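Below you'll find the structure, written out as structure tokens, and then a few comments.
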Amino acid sequence: MDFLGENEKEFETTNQFLEDIKFYKMHIFKYSPRKGTKASEMKEQIEGKTKEERSQKLIELSNQNQKQYHEKYKEREVEILWEEEKDGYYYGHTQNYIMAIAKVKEQKNLQNQMIKCRCIESFDDHILVEM
């Protein structure tokens, strides 16, 4: 995002676009010059503090979008592909790649099984389901 000479108006246009689109998750990173590249020799470098502030703003937007998306699943039935059991919890993903976690109620191997579950709670980075 913060590539060479991006002014505040251009950044806000990008930010507004990302707010409107509501991507589920965004990978945000700051441009940093690499020695020996043309970009590292260009004069229009953005100050580190500005890059940090802009990156943080977009990371917060990504987290907010993800949490809002997870909220839509509360009290809904979802199909989970269970991947592993660890420390008393099963871990897996929905068909659209939301991390799902369920407390182990009985010991059985669910690995590589698709099971319908009900979402009982949503969090920033996962949903909690019960079987």
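Just for the stretch 45-57: of the residues that are touching an Asp or Glu at 6+ places or on another chain (Cβ under 8 Å) and in a helix (DSSP H, G or I), which one is surrounded by the fewest Cβ atoms within 10 Å (Cβ to Cβ)? Full working, then the answer.
Going through the stretch 45-57, the residues touching an Asp or Glu at 6+ places or on another chain (Cβ under 8 Å) turn out to be 46, 50-51, 54-55.
Imposing the further condition that a residue be in a helix (DSSP H, G or I) reduces the set to 50-51, 54-55.
Working: Thr50: 14, Lys51: 19, Arg54: 21, Ser55: 16.
In this case the residue turns out to be Thr50.
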Out of Gln45, Gln56, Gln16, I need the residue that is more than 17 Å from the chain's Cα centre (by Cα) and modelled with pLDDT of 95 or more. Which one?
Gln16
Does Tyr24 fit the bill of being open to solvent by less than 100 Å² (accessible area, probe 1.4 Å), under 25 Å from Gln68 (Cα atoms), part of a loop (DSSP other than H, G, I, E, B) and of a type outside the set (A, V, I, L, M, F, W, C)?
yes
Is it true that Asn96 is closer than 16 Å to Val129 by Cβ and modelled with pLDDT under 95?
yes
Restricted to the stretch 117-131, and to residues that are more than 15 Å from Val104 (Cβ to Cβ) and in a loop (DSSP other than H, G, I, E, B), which residue is modelled with the highest pLDDT?
His126
Name the residue, out of Met99, Met42, that is aliphatic (A, V, I, L, M) and open to solvent by 80 Å² or more (accessible area, probe 1.4 Å).
Met42
Testing Gly5 on (1) assigned to a helix (DSSP H, G or I); (2) open to solvent by less than 80 Å² (accessible area, probe 1.4 Å), one condition comes back false. Which one is that?
(1)
Result of the Cβ filter at 6 Å on the stretch 33-58, keeping first residues that are closer than 19 Å to Glu10 by Cβ and partners that are outside any helix (DSSP H, G or I) and open to solvent by 80 Å² or more (accessible area, probe 1.4 Å), at least 6 apart or interchain, is Lys51/Lys30; Ser55/Lys30
Might you check whether a residue that is within 15 Å of Lys67 (Cα to Cα) and touching a Lys or Arg at 6+ places or on another chain (Cβ under 7 Å) occurs anywhere in the stretch 96-117?
no
Go through the stretch 19-42 and give me each residue that's farther than 16 Å from Ser55 by Cβ and under 26 Å from the mean Cα position of the chain (by Cα).
Asp20, Ile21, Lys22, Tyr24
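Does the stretch 59-92 hold any residues that are in a helix (DSSP H, G or I) and either open to solvent by 60 Å² or more (accessible area, probe 1.4 Å) or within 18 Å of Asn15 (Cα to Cα) (or both), and which are they?
Ile59, Glu60, Leu61, Ser62, Asn63, Gln64, Asn65, Gln66, Lys67, Gln68, Tyr69, Glu71, listed by residue number.
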Count of the stretch 102-114 residues which are surrounded by fewer than 16 Cβ atoms within 10 Å (Cβ to Cβ) and assigned to a strand (DSSP E or B)
2
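The values are calculated or read from the model by the stated rules, or taken from the named source; none is laboratory data. Note that the structure is predicted; figures quoted are calculated from it, not measured. Please note: Cβ atoms are built from the backbone with ideal geometry, for glycine as well, and neighbour counts cover all protein chains shown. Only protein heavy atoms, including side chains, enter the accessible area calculation; ligands, DNA and RNA are left aside. Shrake-Rupley method; radii C 1.70, N 1.55, O 1.52, S 1.80 Å.
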